[in-house]
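Below is one structure, written out as structure tokens; comments come after it.
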Amino acid sequence: MLLAIGSAEWLTGFWLLSVGVALGLILLLALLAVFIVGSRLGLAKVADSKKLNTIVGSVLSLVFIGIGAYIWFSMSGTSADGQTVNSSPFLAFLLLVPTGLFLGFGAIGICSSRSQEQLNEWLTEGISFWLLTIASGLSVFALIGIAGQQVPTIRFVTQPNAILQSVFRLPSTGVQAERKIEINPSLEGDQGLPVNVNFYGSELKRFTFQSDQRLEFATQPITVDLDPQKILELPASSEPTTYNGSSREGAIPKGFVEKLYIRNMGDRPTQLSLILETQPEFPQVRSVFVAMICTLASFVVILFQSVLLPKESAISWATFKTETNQPLFAILIAVGGVFLAAAVYIPYNTFGEDIKMYVTTGCPVILLLSIFFAVWASSKSVSEEIDGRTALTVLAKPISRRQFLVGKSLGIGWTVGIMFLCLGLWFLFLVSYKPIYDGVESSKGALPWQDGFAEMAKVIPALVLGYMETMVFVCISVMISTRLPIVSNLMICFAIYIMGHITPLLLEKEDSFQGVAVVGQTISTVIPVLEHFDVRAAIVGEVGVPMVYLGWTLVYCVLYCSVALLVALILFEDRDLS
């Protein structure tokens, strides 16, 4: 039924993500080849030596921190939309230092002899097997999208060759440096001052001029025979004047533009301020790089976690296998998938805003199903193992209680991560289709695939924040499970969920009633403020979620999870397991 609405070209947006995943797998293979070759060329001896491992790991960590800082601050300043981006040095420090240490010591550690022997196991079992299966399926989908251009019955991608060309053009586009150009008044027969530029007209997003004199410009010498439609007039103004690439049809050709000819129509010299901003013909290709980095990062985290936390990882992989084999895991994914698909066809009667209602309904469904499974899995994996003496058997081995709790938390976190990934990908697939379906149902006709892609891009930050919120509940439920059974765990987590979302409402009453403010401050200190993870209001208001916000929320999530696990360890240390 999905493909019955108009053409199947609405799948182009989802295909872009699949291309990114395929490229991520290719990068993973290249990275693994580097590690294997490096290990055989002598890095194994360095990694096996504790002293050399520390020295090289520290140097690599500094290198990764430096590279991350360069990228972080080079991307700050002005965004592609002309908005100021806060660089936030303190946030950069909080994120880059632990990340650099993790990558530096993980990169040298994976070259050790022991890691090389276990590399195949780490990549083919547990979480890696799930990720490889999903990534391989998306890669096949990406290949079919390209090859399907030759078979009309399975063609579902709009101009794949042009889109792929935009991928390669992306590094060459962006905001060009501001130019200051002195232009004298035009004389008779003046064809305009030639200014060297290099851009494709089809990639021009906007250009900004500022001059106190009236100007004319064209992409070829301005003569009396030149078509007036190819001349753009720029009014004198004390403020910058911005033109979109399509402001004047025919003024800028779609091909390569090497020179602009500018003529001063005023009566005195002027200094022209010129800024050009270009973007690929399909700017949506930025998602390819995001998907590629996320795919590579997922496997890198799995490998480096296994290297740096071997005992915790052994427990986490065993926990992951146990929980994914539970019938409830498959049942919740099936229930969520059916609900999300059925909700596409529900008429919300919102006067053309059904997509917003669908998104603000689907995200909480995925979140609640994941939180419920996280609490249930924590109780089954921690509380019941303690009561059933299974934990005593595990701790009889050279594994500490700290390693036991951290391993359980990581295993449950990876399990709900796979649940989020399965439901999230299905949700993105449906979100990209929803505007197309609504357009046909409202007699607007089939909308372009870019509309569905834009809605899909808005949902991704909400899913990321939703997973962070779920991880908070994973750690809280593990903490509770060290002392209480599953029923108490569910009730307490439900109460925390309610109070965590109403805390901002209590804090808003601070001026009206002091008692309510005290209660709100107390709750916000002990219980997580879950409103930090909720961006439904931003989705409804069509406001983007900045990366800085995601960064600060990640810091809050990590800190709260760390405190919850610390309390869990305190409660578990004196627990009698016999």
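Coordinate-derived values only; no laboratory data. These numbers come from a predicted model, not from an experiment. Note that we place each Cβ from the backbone using ideal geometry, even for glycine, and neighbour counts take in every protein chain shown.
A few points about this structure:
- Shape call, the range 174-278: gyration tensor on alpha carbons, a/c limit 1.5: oblate
- Largest-first principal axis extents of the Cα set of the chain (Å): 101, 64, 62
- Counting only DSSP beta bridges with both residues in the chain, the antiparallel share comes to about 95 percent.
- Cα gyration tensor shape of the range 260-306, rounded if a/c is under 1.5, else prolate or oblate by comparing a/b with b/c: prolate
- Euclidean distance between Cα centres, the range 188-226 to the range 112-130, Å: 59
- Sites residue 50 and residue 293, calculated FRET efficiency, Cβ-Cβ separation with R0 35 Å, nearest 0.05: 0.65
- Fewest-first ranking of 70, 348, 497, using other Cβ atoms within 10 Å as the exposure measure: 70, 348, 497
- Left without a cysteine partner by the 4.7 Å Cβ rule in the chain: 111, 294, 363, 422, 493, 557.
- Between 0 and 90°, nearest 10: helix 327-343 axis offset from the chain longest Cα axis: 30
- Legend: ranking of residues 268, 536 from fewest to most surrounding C-beta atoms inside 10 Å; resulting order 268, 536.
- Restricted to Cα atoms, the range 309-578 shows a radius of gyration and a Dmax of 20.6, 69 angstrom.
- Folded to 0 to 90 degrees: helix 310-324 orientation relative to the chain principal axis, Cα: 90
- Theoretical FRET efficiency, 1/(1+(r/R0)^6), r = Cβ-Cβ of residue 447 and residue 318, R0 56 Å, to 0.05: 0.70
- Full-stretch length increase - residue 190, residue 178 - with 0.36 nm per residue and alpha-carbon distance subtracted: 1.8 nm
- For the residue pairs 205/230; 356/458; 254/458; 408/458, the alpha carbons lie more than 22 Å apart in 254/458; 408/458.
- Euclidean distance of C-alpha centroids, the range 523-563 and the range 269-332, integer Å: 19
- With contacts taken as Cα pairs under 8 Å at a separation of at least 6 residues, the range 309-578 carries a relative contact order of 26 percent.
- By the count of other C-beta atoms within 10 Å, a proxy for reagent exposure, 449, 552, 317, 122 are ordered fewest to most as 552, 122, 317, 449.
- Principal-axis tilt of helix 127-147 within the chain, Cα atoms, nearest 10 degrees: 30
- The chain, helix-only ellipticity at 222 nm - DSSP H runs n ≥ 4, -39,500 (n - 2.57), divided by all residues, nearest 500: -21000 deg cm²/dmol
- Net length gained if the chain between residue 550 and residue 360 were fully extended (0.36 nm per residue, minus Cα distance): 66.5 nm
- Simple spin-label estimate for residue 63 and residue 31 in nanometres, 7 Å along Cα-Cβ: 1.5
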